[in-house]
Structure formats: structure tokens, C-alpha cells
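What follows is a short report on a single structure.
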Amino acid sequence: MISPSPGIQPVALKPGSAGFPLPGVDPLVVDDEGRELPRGEKGMLTIRRPWPGMLMGIHNNPERYRSAYWERYPGLYYTGDYAIRDDDGYFWLLGRADEVLKVAGHRLGTLELENAAVSHPAVAEAAAAGVADPVKGSKIVLFAILADGHQPSEALKEELRAHVRQAMGAVATPEDVYLVSKLPKTRSGKIMRRVLAAVASGAAVGDVSTLEDEASVEEVRRAYEELKESV
């Protein structure tokens, strides 16, 4: 729905940007009240008009279709994604609304945190999750897979914490950093952040039947237990 279109949109690509909407798609970035935001401000991605191939309903559950997609912002389709439209009109998708952590009154996207972590040369892949905290609301825990040539160490963990803090500000500083060799993912490649949050909070992991590699859960749990034992 938002994608570079050779021959239709003869503009330069911006790495990381979704680009421009496809013909017939009219996206809009709005605030919590459904008001259109100025370019450059983060908000919720919605769609203003019907579009080709749009979702028409949920089988045997029309009420859920109405409540999930149309009632939050009357007259607008709710996508569940955070986004920014920059000054040149490019759309940047920032992650799912249900993957946003509220830390000390600030809303932080897990994708933003992960991108900040991966920008460190020692990190090949990262996943962020939130754990309940009585003061902050949530505290950030970061799981990272190191790039080839880098070895786990306490110094590197502190370096990663400082790196994310510098990239996103003090409120985004991870409480804990876990260095692992694999992350729990579905067979389609989506990181299961609820599994990470459950491990870090000591809760039950729940159903993992959709995991591509169930051993990844034990890998994450082992890293968590090793860190706690060292404290």
C-alpha cells in the first residue's frame, strides 16, 4: 500500500523509508484524537478513503471488524502502525502500536529501540521488550545477537546501553542487555517479543507452537538467568 513504484513515482529512494502510497491509497498520519499531524511528527497511520483490495470484514465477526479498524478514529481506517511523513512526503513506518512501550510517560517503539541498537557495529540483530516497572510503567530490556568478530562481555553490554541512550535519549536507556545467539521468531520471521518480555519478567512463556525454533526460548532464558546470577 505504501511502496516505491518504478514508472509511477519517478523519485529517488530513501533507505529505510516505505516511500509513497500506491495509486488509490490515501494514508494520513494523525494524533491520538484523529487530527492530521504536521510533516515530521510521529503519529498513527490511518487510511482516509476506501482503496483497491481493502479489507471488507472479518469472517463471522463483523462487530470486531468495526471496533478494531473503524471506531478508534471515526471515518478513518486504523492500521495499528506508527509512522512519520517527512518534509518530502516520504512515509516512514515505526512499528506496531501494540509494540510501543510506555516508559516514564514516553512512548517508545520497539522498532526504534532495535534500530538504535543495530546501528552499533557490534550488533547484528536486536529485539526490545518491556517489563512492568512500578515507577516507570515499563522498563526496557534489550536482547542482541552480536556480529561476527565480537565477543560477549560486560563492557560491551554497558557500551550498548550507552549507545542506545545517546541515539534516543536518557529515557530510552535499556535496563538490561542480554547477549544471545538466537531470538525466538515465528516461521515467517517475526520476533515474538511477548516471549522475551515473559522471560525477562519471570512469567509463563505461553503458547510457542508458532515458533520456528523452540530452542531459542531456552537460549534467551539462559542469558537472562546468567545475568541475574551475576548481579
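Of the residues making up the range 135-154, at least one is more than 30 Å from residue 27 (Cβ to Cβ) and either part of a helix (DSSP H, G or I) or among the hydroxyl-bearing types (Ser, Thr, Tyr) (or both).
Residue by residue, here is whether (1) in contact (Cβ under 8 Å) with a residue 24 or more places away in the chain; (2) out of contact with any Lys or Arg (no Cβ under 6 Å at 6 or more places or on another chain); (3) under 30 Å from residue 174 (Cα atoms) holds:
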{"position": "2", "(1), (2), (3)": "yes, yes, no"}
{"position": "67", "(1), (2), (3)": "no, yes, no"}
{"position": "85", "(1), (2), (3)": "yes, no, yes"}
{"position": "97", "(1), (2), (3)": "yes, yes, yes"}
{"position": "102", "(1), (2), (3)": "yes, yes, yes"}
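Does any residue of the range 155-174 turn out to be in the same structural domain as residue 193 (by TED's automatic domain parsing), under 17 Å from the mean Cα position of the chain (by Cα), part of a loop (DSSP other than H, G, I, E, B) and surrounded by 19 or more Cβ atoms within 10 Å (Cβ to Cβ)? The answer is yes; a qualifying residue exists. Checking the structure you have, find out if any residue of the range 32-40 is within 25 Å of residue 119 (Cβ to Cβ) and touching a residue at least 40 places away in the same chain (Cβ under 8 Å). Looking for residues that are within 25 Å of residue 119 (Cβ to Cβ) and touching a residue at least 40 places away in the same chain (Cβ under 8 Å), one finds at least one in the range 32-40, hence yes.
For the range 30-117, the strands (runs of 3 or more DSSP E) that sit wholly inside it and include 3 or more residues that are surrounded by 13 or more Cβ atoms within 10 Å (Cβ to Cβ) and modelled with pLDDT under 90 are 77-85, 91-96, 100-103, 106-109.
Every condition in (1) under 24 Å from residue 93 (Cβ atoms); (2) crowded, with 18+ Cβ neighbours inside 10 Å; (3) not β-branched (Val, Ile, Thr) is met by residue 187 except one, and the failing one is (2).
Got a sec? Which of 16, 7, 24 is surrounded by fewer than 13 Cβ atoms within 10 Å (Cβ to Cβ) and either touching a strand residue (DSSP E or B) at 6+ places or on another chain (Cβ under 7 Å) or touching a residue at least 60 places away in the same chain (Cβ under 8 Å) (or both)?
After ruling out the rest, the residue left standing is 16.
Does at least one position in the range 11-22 carry a residue that is of a type in the set (Lys, Arg) and not in a strand (DSSP E or B)? For the range 11-22, residues of a type in the set (Lys, Arg) and not in a strand (DSSP E or B): present.
The values are calculated or read from the model by the stated rules, or taken from the named source; none is laboratory data. Keep in mind that what you see is a predicted model, and the values were worked out from it rather than measured. Here Cβ is always computed from backbone atoms with ideal geometry, including for glycine, and neighbour counts include all displayed protein chains.
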